[in-house]
Amino acid sequence: MSSTVRSVYVHAPFCARSCTYCDFAVSVRRSGDLEGWLEALRGEWDLVAREGLFRVADRLDTLYVGGGTPSLLGRDAMAGLRDLVGDERLRDPALEWTAEANPESLTDEVAAGWAEAGVNRVSLGAQTFHEDALRWMGRLHGPEGPGRAVRAARSAGIDNVSVDLIFGLPRALGRSWTDDLGRALDLEVPHVSLYGLTVEPETPLGRAVREGREPPVDEERYREEFLVAAEVLAEAGYRHYEVSNFARPGAEARHNAVYWRGIAYLGLGNGAHSYAPPVRRWNTRSWERYREEATAGRSPEESREIVDADAARLEESWLGLRTREGIEAPPPGSSAARVTDRWIADGLAVAEDGRIRLTPEGWLLLDALALELADS
Ligand code: SF4
């Protein structure tokens, strides 16, 4: 039986340089291989139609182009994608079409080309406005880059911009988190996403930490900065609607909500995941292999799993706890209710309208709390 999907993710794997902490599926090159990318996506798109596990709806609700650095693919990338997906499917006035961008490559020209193709939301990888921190991370833009890129998006008519910020950077960099939050607020964008620095073993940062050239993540700083951001952004009128996401009213990202609600979606590109309940599958992470397979009309799938009832229950509770909607309150007197009562007493959760939702303190312990609830 096929799952009808109204949300599609497309991975654009190219980056001009590899950031020291990054373990995403990226291919480092001076500019993106637009032709090769579109050709490979076309191969996978046709294959998906033949396989029949997914049926792409006649009208999409959301299209999300992530990376990598989609803006490295230039102004024509989104028009190419529009040709692939089909005008008809992208015609709904309520369509949310997001593309990720890095400040150095979201030029006026790129933003204009994207807007023309139909992109109406940009997610910008600002991360920090602190020069030394940007260099340490291996980013290519300077402190003024995010402001310039936001202006480029706006002059193209894309006002719905989200800015990504990273927290938990090493103390020795001298980066002020509150200054960065202030600079992000000055941009007056409707959406902010936060990412905590994590040290993945197979990255330059992971090796540096292993060899003692860099300190491990400072857990206390990580915690403090997350809580400060939650407070500062809430005071500035942003709603903390998911563990990592803050939005002005009505600017909540709709694409990610599909993942959080366990709704079917199709992912195209190397490393992309797709979900046709109960099947979750993912593609090879290697761009070269993906390109070879998909272009030749062969499946780039690396593996798949069946999400069984137990795993689905755990996922549902973990996904629910990520969001401000939380989960349904367990029946009074049950062992699950004893767990959530303790969370409430410890300030990790609140009960509201028959639901339990985590506080920022609780979100810092999200994985452990979801497991505790599942085991209760
Ligand atoms: S720009 Fe993003 S995807 Fe590319 S290397 Fe840096 S963190 Fe990774």
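Residues in the stretch 284-299 that are over 26 Å from the mean Cα position of the chain (by Cα) and either at pLDDT below 95 or not in a helix (DSSP H, G or I) (or both): 3 in all. Determine, yes or no, whether residue 66 is open to solvent by 10 Å² or more (accessible area, probe 1.4 Å), in contact with a strand residue (DSSP E or B) (Cβ under 6 Å, 6 or more places away or on another chain) and within 16 Å of the ligand (Cβ to nearest atom). Considered against the rule, which asks whether it is open to solvent by 10 Å² or more (accessible area, probe 1.4 Å), in contact with a strand residue (DSSP E or B) (Cβ under 6 Å, 6 or more places away or on another chain) and within 16 Å of the ligand (Cβ to nearest atom), residue 66 comes out as no. Do you know which of the residues in the stretch 22-31 that are open to solvent by less than 40 Å² (accessible area, probe 1.4 Å) and closer than 20 Å to residue 195 by Cα is nearest to the ligand (Cβ to nearest atom)? Here the residue is 22.
The single condition among (1) in a helix (DSSP H, G or I); (2) open to solvent by 50 Å² or more (accessible area, probe 1.4 Å); (3) closer than 28 Å to residue 245 by Cα that residue 340 does not satisfy is (2).
When 34, 95, 106 are screened for being surrounded by fewer than 22 Cβ atoms within 10 Å (Cβ to Cβ) and in contact with a helix residue (DSSP H, G or I) (Cβ under 7 Å, 6 or more places away or on another chain), only 34 passes.
In the stretch 286-312, the residue that is nearest to residue 26 (Cα to Cα) out of those that are surrounded by 13 or more Cβ atoms within 10 Å (Cβ to Cβ) and of a type in the set (S, T, N, Q) is 286. Screening the candidates 51, 44 for the property of being touching a strand residue (DSSP E or B) at 6+ places or on another chain (Cβ under 8 Å) and more than 16 Å from the ligand (Cβ to nearest atom) yields one hit, 44.
Against the test of being touching an Asp or Glu at 6+ places or on another chain (Cβ under 9 Å), in contact (Cβ under 8 Å) with a residue 24 or more places away in the chain and buried (at least 17 other Cβ atoms within 10 Å of the Cβ), the options 242, 214, 225 yield a single qualifying residue, 242.
The values are calculated or read from the model by the stated rules, or taken from the named source; none is laboratory data. Worth saying up front: this structure is predicted, and the values here are computed from it rather than measured. As a convention, Cβ positions derive from the backbone with ideal geometry for all residues, glycine included, and neighbour counts pool all protein chains shown. The accessibility values were calculated without ligands, DNA or RNA, using every heavy atom of the protein model including side chains. Shrake-Rupley method; radii C 1.70, N 1.55, O 1.52, S 1.80 Å.
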